[in-house]
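Structure, as C-alpha cells:
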Amino acid sequence: GCGSGGDSGSNGSDESTLAKLKDKGTITVGIADERPYSWVENGEAKGATIAMHKKIFKKMGIDNVKVEEVDWNSLIPGLNAGRFDAISAGMSILPDRCKQAAFSDPEIMYTTSLMVKKGNPMNLTDLKSVKKKGDVKLAVLNGGIEDGYAKKMGIKISQTVKDSQSGMDAVSNGRADAFAMTAISLNWMAKNNPDAGVTTTPAFTAVIKGVKQVGAGSTVFRKDDKKLLKEYNKILGNTITDSTKDYLSVVGKYGFTKENLPPKNVTTKKLCAGNLKDLQ
Amino acid sequence: MPTQLDNARRGEPAIRFDGVDKRFGDNVVLRGLDFTVAKGDRVTLIGPSGSGKTTILRLVMTLEEATGGYIYIDGEPLTHVERGGQRIALKEKHRNEVRKRIGMVFQQFNLFPNMKVIDNIIEAPTHVLGMSKADAVAKARQLLDKVGLADKEDSHPSQLSGGQQQRVAIARALAMDPEILLLDEVTSALDPEIVNDVLNILRDIADTTDITMLIVTHEMQFARDVSNRVLMFDGGRVVEEAEPDVMFKDPKEQRTRDFLSAVLRD
Amino acid sequence: MPTQLDNARRGEPAIRFDGVDKRFGDNVVLRGLDFTVAKGDRVTLIGPSGSGKTTILRLVMTLEEATGGYIYIDGEPLTHVERGGQRIALKEKHRNEVRKRIGMVFQQFNLFPNMKVIDNIIEAPTHVLGMSKADAVAKARQLLDKVGLADKEDSHPSQLSGGQQQRVAIARALAMDPEILLLDEVTSALDPEIVNDVLNILRDIADTTDITMLIVTHEMQFARDVSNRVLMFDGGRVVEEAEPDVMFKDPKEQRTRDFLSAVLRD
Amino acid sequence: MTDQPIWSWDATWEVLPKLLHGFFTATLVVTVVSTIIAAILGLIIAIIRRSAPKPIAAAFTLIVNFIRMTPIVMQLLFAYAAFTSVSGLTIGIIIFGIHYSTYMAEVYRAGIEAVPPGQWEACTALSMSRARTWVGVVIPQALRATVPALGNYAISMFKDTPFLVSISVVEMVQAGLAYGGSHFRYTEAITLAGLIFLAASYPTSLLVNRLEKRLAYTT
Amino acid sequence: MGKYFEALGEALPFMLDGLLLTVELTIGGALLAFVIAVVLGMGARQKNIWVRGLCRTVIEFFRGTSLVVQLFFVFYVVPQLFDIKLPSLWVGIIGLGLNYGAYGAEVVRGSINSVPSGQWEATTALSMGAWQRFTRVIFPQAWALMIPSLTNLLIQLLKGTAIVYVILMHDLTYETDKLRTDTSTYFAYAVGLLVYFAVAYLFTLVMNALEVRAKHNLGRGESLREALSFKAPTKETAGASTGGGMG
Ligand SMILES: Nc1ncnc2c1ncn2[C@@H]1O[C@H](COP(=O)(O)OP(=O)(O)OP(=O)(O)O)[C@@H](O)[C@H]1O
Ligand SMILES: Nc1ncnc2c1ncn2[C@@H]1O[C@H](COP(=O)(O)OP(=O)(O)OP(=O)(O)O)[C@@H](O)[C@H]1O
Ligand SMILES: [Mg+2]
Ligand SMILES: [Mg+2]
C-alpha cells in the first residue's frame, strides 16, 4: 500500500480546502478495511462508499479519489490531524462524534444482525432473544455500537473482538455463539466465506426500553470544512439518496437493499441531537 | 572395624599414575606419566610454568580426564579401568565415591560468594556426606577455630581478605575429612605478608594429621619444611625426584638447577 | 634551549608531597604526608598491604585526588594550589599538561586489547604528543627491541604471555618520554620464572636513563639493585627512610624489622 | 479543528475508570503472572540448553529462536485459534510467559556463563551432586546478574499487552481506544494510558534497583 | 489449500511492499536508536547532575510509556498543537528510535561500565583526552560487550515495527492481517511467522558477524573470514592462557 501519510488538506480556512481539492483534482479519503463499505484489494479501492464517493466527487469536479487505508481507531485522529480530507467508512452518526467532526447527510440506514453457527442451533433472532436465552456467549466489536446496545439491555458480553474477521472466527470455532454487528457487514462476510460454517439472522433494529435504536452512517469531514460539506450534501441528495433506483444502482452490488436508503425524516441534525424518540 | 575393602587397600599407594597421557587438542601435556604417592606422604611438585603440575592435580580431582593410562586412588581405579586390554570409562557414580576421599584447595579460593563462611563449610558435609546440620556446624566451628577465624562464621567471603578466604577454603576442604589433600599454589594470590599465616596453618595440618598431601607451590621454604619428597617436572615428565634437602641443595639435573636458580633469586 | 620555566624548575624535586591527606570515606589512608623525590632518584616504597603505597602512586598519576595538602611535580602544583589560604583545584587542562611528564606501569599491564602491540605503543605519542606516525613507529620499534619483543609488533596483547604483556606496557610508558616513571608491583601478576626478564629490563632502563622512578615492589633484591632510597610505610606515614643496604641489613624501627622478616622468609 | 478544546476534563473522568478497569483486569494480571512464568520457564530452558544432550539442546535452541524472533501477536492469534476451549486471558498469560521466557533464557545463559569455572570445580572437588551444584551454587549466583534484565522485560511485557486485543482481551490501551472510537476523543485516553504506564513502570524499575542491591552478597 | 496459495500469490506484491517497509523501519529505527542509545548512555554516566538527570529522565520517559502512545502523540496530537506534520515513515523511525534508544542506553551504559577500570586508568596515565579515550579505547571494548544485547533489542524492534499501523502504515503485519481475510487465520499467520523468522534470522546473522569481528579486534576468537570459512578452527595461540591482561 501507500506508505507515507497524505499531505492533503489543512487546518486552514474552509474556503481553501474545497478550492484546493478542486484545484488538485484529487481527494484523499481515509478507510479502515470495513467490507463491504470500503477496502483495498490488490491495490484497488473497492466498496459501497467508495463507489458513492467516486461518483459524487467527480460531480464536484474532483476527478480522483485516493484512499488511505488505516486502522479504525486512526480514522478520526487522522482526519483531524489533516492526514486525509474525509472518511469513507460509513461511520455511524452519534452525538459524541458530532462534537468532534462534521457528518454529511445520512447515507446508510443501519440494521443489526447476529452471526451464528450454520443452522442457528440456539435459534437466535435478535438481541432480545439472546437476553432471554441467558447463557449465550455473545461477541461484539471493540468500541462498536452493538457493545453499547448489549450493555444497555443488560446482556453479558462474553468477548470483545478486534475486528469483524475475529468475530467470525470466534463463531466459527465455537468461542462465541453469536456475533452482533451491522447486518450489511455480516451478510457480506457470510456470503464470502462459505467454508466458515456460519450464517446470519435476518436484520433487526435493536429496541432498548421501547425505543427503536435507529442508526445511520455517513461521510465524515473536518468541522472547519463547511463549504466542502455543504456542496457534498447537495450532490449526495441530487444523485444518490434521491431515489431507490439511483441508490441501488450505485451500492446494490454490495448487498445493500432499499431498507438501507435513509428516509427523509432521518436527518444528521436529529441523530446528532441524540433524541431517538424523534425518529421512531 | 576395617572392612574387607580396607584390608585390600592397605599397602596400596594413596595415588598411583600408570602411564597417564593428557592432551589438550594437539598439545601433549603429559605422556606416559608414572609416579606414586604413598599413604601419608607429602609430595611437592615443582617445575616451570606450563609443565603440567596443575594438570596432575586436576586429573586426581577428576576436573580433567586423562586421554590415556590409569590413575588409582588407594588401589582403586579413578576414572578408567583396564578390562580385556580395553580402556573402559567408569560411571559417574563410581567416580563420585572415590572423589569423596579427595579434597582440593585452589589458588583462587573458589569460595561460594552466595553463602556465608559457615555455610560454605557445612555445604558438602550436610549435602554430600549426609551429616546432620548440628554436627556439621560443630565441626565447622572447630575447623574455623583451627584456622583462626572463629569470629568470621557469619561473614560473606567478599568481606574477608584474601588470606582469610584461603583459610576458609582450607577449612572447607578439611570438613570433608579427606584422605588426600591437593594444594595448587594456594598462596600465590595472596599478599606477601599474609602468605605465612596460611603456610603455618598448612604446616600445622601436616604435623597433626596423616593426610596424604600433593602440593604445587613456589614457596620453596614451605616445600622444604612440609614435604618429604619433591618431584621436578618438565616437558610432561618427572625430570628428577628427591628429598627436599637433596633437591634444593644439590640437584642432579641441569634443568633442575636452572629452574631453581631462577626461582630462588632472593 | 632551556626556557625560563625549565630554569625555574631546575633544582626543584621531581615529586614533592606537602601535607597530603587521603581519605576514602571514613578510611584515612594518608595523613599529612610529606616526602620528596629528587630528580633522577630511584625510590622504592615498601610496607604492609593496605599501607597506602598504591595510593601514593595513584595520587601522582592523578588517578585519585588528594583530600588535603599539595603535590608538586618539578615544583609545579599537580592538582591543587594554595591561593590566599584557600586550596584551589586546578583545571583539567593544567593537570593534563603536568601529567604528560609522568608515566605509569600497572600490576595488571592494562594494555588496550583492541589494538596491536605497535598501536598500543604509538597511540599516545601520535594522539597526545602529536608525533608523526612514522616517527612514533620508529621509536616504538626501538623500544620493542629494547624489551626484546621486536618480532611481536603485530600481535594482539591476548596472544602474549604475561611477561611479554608487561614488557609491552613498559615500552608503552617509555614511548611518552616521561620524566617520572611509576611502577606498581609490576611483577606480581607474573609467573615466577618470568619475573626476572621484566626486572632485568627495568634494571637496564635504570642504568641507561635518568628517569626519576617511584617503585612499589615486593622484590627486595630488585629494590636493592635499582633504588637509591627506600621508604618504609605504615599507618599512612613514612616509618623509616634509608639507603637500601642500610634498610635491608640494619633497619632501625621494630615495625620495619617485623615487616622485612615476614617478607624475606626465603 | 473541532469545536472542542484539546483537553476535556469530562472525557478524562469518563474514560479513567475504563482505563483502570482494563489495567487491573488485563494489563497487570498478564504482566505479573507472565513475568513469573517467564522467569521460571526461562531458567528451565537455559538449564536444558546447557546440560541436555547435543541434539535435544539444538532442537530446543531452534524452537526458542523461532519463538523469540517472531511477533507475539501472531503467536497469540495462532494459539487462540488452536486452543478454542481456553479463554483469551489464559492464552495471553501463557503465550506472554513463553514468549518472554525465550528472552529470559538468554539472560540466564549469560548469567550462568558468568559464574566462574572455579565455582563448578569447587563443587566437583567437594563431590557435590549435579542438582545440588545447580541449586546451591550456580543458580543463586546467576540470578544476581539476571534481576535487572528481568525488570526490563517485565516493563516491556507491560507495554506489549495492547496486542492482547487480537485475542479479544481488552486491556488498558484498547479500552482507551474503544472509548476514543465511540466518542472520537483519543487525546485524553491515550495521554492517561501513557501516564498510567509511567506510574506503573517507574516504580517497577525502582523496585528492581532495590532488589539488585539486596542481592549483592554483602549484607 | 490451493486457493490459499492463489490468494497468497495475488497478495505477494503487497506482502513484499509490507516487508520492505518493515525492513526500512527496522534499519532506520535501529540506526537512530543506536545513536540515541550512545548519547543517552554516555550522558547517564556524566558527573554533572543536570546532564545526568536529563538523560535519566528521557530514558525513563521513553522506556516508561508505550510506543503506541508515543506514536499516537507525535502523529496526531502534535500536529494539532503545533504546525508540525511529519510524514509517517519519519514519525515511525523517530518513535522507534527514541523508544528503543532508551532501552539501548541502558545496554550502552552497562557495557561501558564493564570495561575494566584498568583501561580507564591506562588512558589517564597516557594523558589521553576524553574524546580519544572514548573513541579509541573504551568504546571499541564496550562495543564487543554490548552486541549480544543489541541483537536482542534489534529483534524486538523488528517485531515492534508492527505497531506503525496506528500511524497509517502498512507493514508486514498489516498485510498478513489482510491476507487472513482471503485465506484463513492459520495460513496467513503461518506465512507471517515464517517471513518474520527469516528476516530476524538474517539480522541475527549480520549481528553475529559484527560480534565475531568485534571480538577478533580485541584479540579473542577467530577473524570473520575464518569464522565464515568451513575449515577446521585454528588452535588457540600458545601463551594466550597464561597472561592475565584482561581481568
Ligand atoms: N583447559 C585447557 N585447555 C587447553 N590447554 C590447557 C588447558 N589447561 C592447561 N592447558 C595447557 O597444559 C599445559 C600445562 O598446564 P598446567 O596448568 O598444568 O601447568 P602448570 O605446571 O600448572 O603451570 P603454572 O606453573 O603456570 O601453573 C600448558 O601448556 C597449558 O597451556
Ligand atoms: N578506591 C578505594 N576506595 C576505598 N578504599 C580504598 C580505595 N583504594 C584503596 N583503598 C584503601 O586504602 C588503603 C590503602 O590502599 P593501597 O592500595 O594504597 O595499599 P597498598 O599499600 O598498595 O597495599 P598492597 O600492598 O596490598 O597493594 C587500603 O585500606 C584500601 O582498602
Ligand atoms: Mg598451575
Ligand atoms: Mg598496592
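The values are calculated or read from the model by the stated rules, or taken from the named source; none is laboratory data. The structure presented is a predicted model; accordingly, all values stated were derived computationally and were not measured. Here the Cβ is made from the backbone with ideal geometry for all residues, glycine too, and neighbour counts use every protein chain on show. Side chains are part of the model used for accessible areas, which takes the heavy atoms of the whole protein and leaves out ligands, DNA and RNA. Shrake-Rupley method; radii C 1.70, N 1.55, O 1.52, S 1.80 Å.
For segment B:200-266, what is the largest minus smallest coordinate of the Cα atoms on each principal axis, given in angstrom and ordered from greatest to least?
Computed over the Cα atoms, the extents are 36, 27, 18 Å.
With n ≥ 4 as the cut-off for DSSP H runs, can you work out [θ] at 222 nm for chain D, using -39500 (n - 2.57) per run divided by the number of residues, rounded to the nearest 500?
On the way: 9 runs with 164 residues, N = 219.
The helix-only estimate for chain D comes to -25500 deg cm²/dmol at 222 nm.
If D:Phe197, E:Phe203 are ordered by their accessible area, calculated over protein heavy atoms with a 1.4 Å probe, which sequence runs from highest to lowest?
Most to least solvent-accessible, the answer reads E:Phe203, D:Phe197.
Short version: ³J(HN,Hα) in whole Hz for each residue of segment E:95-110, in order, from phi by Karplus 6.51 cos²θ - 1.76 cosθ + 1.60 (θ = phi - 60°), x for Gly and Pro, what are they?
These are the phi-based 3J(HN,Hα) values: x, 4, x, 5, 5, 6, x, 5, 5, x, 4, 5, 5, 4, 4, x Hz.
Rolling a 1.4 angstrom probe over the protein heavy atoms, how many square angstrom per residue are accessible across chain A?
The answer is 40 Å² per residue.
Viscosity 0.692 mPa s, temperature 37 °C: Stokes-Einstein D of segment E:1-111 from its Kirkwood Cα radius, in µm² per second?
Diffusion coefficient, whole number: 207 µm²/s.
Interface size between chain E and chain C, please: total buried accessible area, 1.4 Å probe, rounded to the nearest 100 Å². Don't skip to the answer; put the middle values down first.
On the way: alone 15100 and 13050 Å², together 25730 Å².
Result for this pair: about 2400 Å² buried.
Can you give me the solvent accessible area of B:Asp234 with a 1.4 Å probe, rounded to the nearest 10 Å²?
Only protein atoms counted, so the area is about 40 Å².
Please list the non-local residues whose amide H lies under 5 Å from the amide H of C:Thr67, H modeled 1.01 Å from N, same-chain partners needing a gap of 5 or more.
HN-HN under 5 Å from C:Thr67: C:Asp21, C:Lys22, C:Arg23.
Nearest 100 Å² is fine: what is the total accessible surface buried where chains D and E meet, probe 1.4 Å?
Interface between D and E: roughly 3400 Å².
Using all C-alpha to C-alpha distances in chain A, build P(r) with 10 Å bins and read off the rounded percent in each one.
All Cα pairs, binned at 10 Å, distribute as 7, 29, 35, 22, 7, 1 percent.
Over the alpha-carbon set of the protein assembly as shown, divide Rg by the Kirkwood Rh and report the Rg/Rh ratio to two decimals.
On the way: Rg = 39.5 Å, Rh = 36.5 Å.
Taking Rg over the Kirkwood Rh, I get 1.08.
Here is the link list: A:Lys22/A:Lys46; A:Lys137/A:Lys270; A:Lys137/A:Lys209; A:Lys22/A:Lys270. Which ones come out longer than 27 Å on Cα distance?
Over 27 Å Cα-Cα: A:Lys137/A:Lys270; A:Lys22/A:Lys270.
Mind listing the label-point distances from C:Asp177 to the same position on all other copies, shortest first, one decimal in nm, points 7 Å along Cα→Cβ?
7.2
Averaging over every viewing direction, what projected area does the convex hull of the Cα atoms of segment E:1-228 cover, in nm²?
16.1
Could you count how many Lys pairs in chain C have their Cα atoms under 17 Å apart, skipping same-chain pairs fewer than 8 positions apart?
7
Using only atoms on other chains, find how many Cβ atoms lie within 10 Å of each Cβ of peptide E:154-164 and report the average.
What the average comes to for E:154-164 is 4.
How far is helix E:139-160 tilted, in degrees, relative to the longest principal axis of the Cα atoms in chain E, given as a value from 0 to 90 rounded to the nearest 10?
10
Out of residues 5 or more away from A:Met181 or on other chains, whose amide H comes under 5 Å of its own, with H placed 1.01 Å from N in the peptide plane?
A:Ser113, A:Met115
Ranking request for peptides D:27-40, B:88-101: highest mean number of other beta-carbon atoms within 10 Å first, then the rest in descending order.
Highest mean packing first, the order is D:27-40, B:88-101.
Mind listing the long-range amide H neighbours of C:Asp234? Cut-off is under 5 Å, sequence gap 5 or more, other chains count too, H placed in the peptide plane at 1.01 Å from N.
Residues meeting the criterion, in which the H sits 1.01 Å from N, are C:Val239.
Over 5 Å intervals from 0, what percent of Cα-Cα pairs in chain C sits in each interval?
With 5 Å bins starting at 0, P(r) equals 1, 6, 12, 16, 18, 17, 14, 10, 5, 2, 0, 0.
Measure off, as a whole percent, the carbon and sulfur share of the 1.4 Å-probe accessible area of segment E:167-224, all protein chains present.
Heavy-atom surface of segment E:167-224 belonging to carbon and sulfur, 1.4 Å probe: 67 percent.
Please compute the average number of Cβ atoms from other chains found within 10 Å of each residue's Cβ in peptide E:189-197.
Values: counts 9, 2, 1, 6, 9, 2, 1, 5, 7.
Average neighbour count from other chains, rounded to a whole number: 5.
What are the ³J(HN,Hα) values, in whole Hz, obtained from phi via the Karplus relation 6.51 cos²θ - 1.76 cosθ + 1.60 with θ = phi - 60°, for each residue of segment C:75-80 in sequence order, with x given for Gly and Pro?
Result, rounded to whole Hz: x, 8, x, 8, 10, 9.
Please check segment C:63-107 for residues whose accessible area, probe 1.4 Å, is lower by 20 Å² or more when all protein chains are in place than in their chain alone.
Those are C:Leu63, C:Asn96, C:Arg99, C:Phe106, which lose 20 Å² or more relative to the chain on its own.
I'd like the Karplus ³J(HN,Hα) series for segment C:124-129: coefficients 6.51, -1.76, 1.60, θ = phi - 60°, whole numbers in Hz, and an x wherever there's a Gly or Pro.
Rounded to whole hertz, the list is 6, x, 6, 8, 9, 8.
Just tell me how shielded D:162-174 is by partners: mean number of partner chain Cβ atoms within 10 Å of each residue's Cβ, no decimals.
5
Please report the orientation-averaged projected area of segment D:12-217, defined via the convex hull of its C-alpha atoms, in nm².
13.5
At a probe of 1.4 Å, how much accessible area disappears from chains D and A on forming the pair, both sides counted, to the nearest 100 Å²?
Numbers: alone 12640 and 13320 Å², together 23770 Å².
Interface area, both chains combined: 2200 Å², rounded to the nearest 100.
Leaving out ligands, DNA and RNA but keeping every protein chain, what accessible area does B:Ser155 have, in Å² rounded to the nearest 10, with a 1.4 Å probe?
20
When only the heavy atoms of the protein chains count and the probe is 1.4 Å, how do B:Leu264, A:Leu228 rank by accessible area, highest first?
Values: B:Leu264 65, A:Leu228 0 Å².
Output order, biggest surface exposure first: B:Leu264, A:Leu228.
Given A:Lys55/A:Lys223; A:Lys128/A:Lys277; A:Lys151/A:Lys234; A:Lys191/E:Lys159, which pairs have Cα atoms separated by over 27 Å?
Details: A:Lys55/A:Lys223 23 Å; A:Lys128/A:Lys277 20 Å; A:Lys151/A:Lys234 37 Å; A:Lys191/E:Lys159 34 Å.
Result: A:Lys151/A:Lys234; A:Lys191/E:Lys159 exceed 27 Å.
Which sequence of C:Arg203, C:Arg31, D:Arg144, C:Arg83 reflects their accessible areas, 1.4 Å probe, from the largest down?
C:Arg31, C:Arg83, D:Arg144, C:Arg203
Quick one: net charge of E:Glu24's neighbours, Cβ under 12 Å, K/R +1, D/E -1?
-2
With Cβ to Cβ distances under 13 Å as the rule, what net charge do the other residues near E:Ala209 carry (K, R +1; D, E -1)?
0
Can you check what the net charge comes to around E:Ala162, using other residues whose Cβ is under 11 Å from the Cβ of E:Ala162 (Lys, Arg +1; Asp, Glu -1)?
-3
Of B:Leu231, B:Ile201, B:Pro244, which is farthest on the positive side of the dipole of segment B:201-248, counting Cα position, with +1 on Lys and Arg Cβ, -1 on Asp and Glu Cβ, and the Cα centre as origin?
B:Leu231
Restricting the calculation to Cα positions, tell me the Rg (one decimal) and the Dmax (whole number) of segment D:103-219 in Å.
21.0, 70
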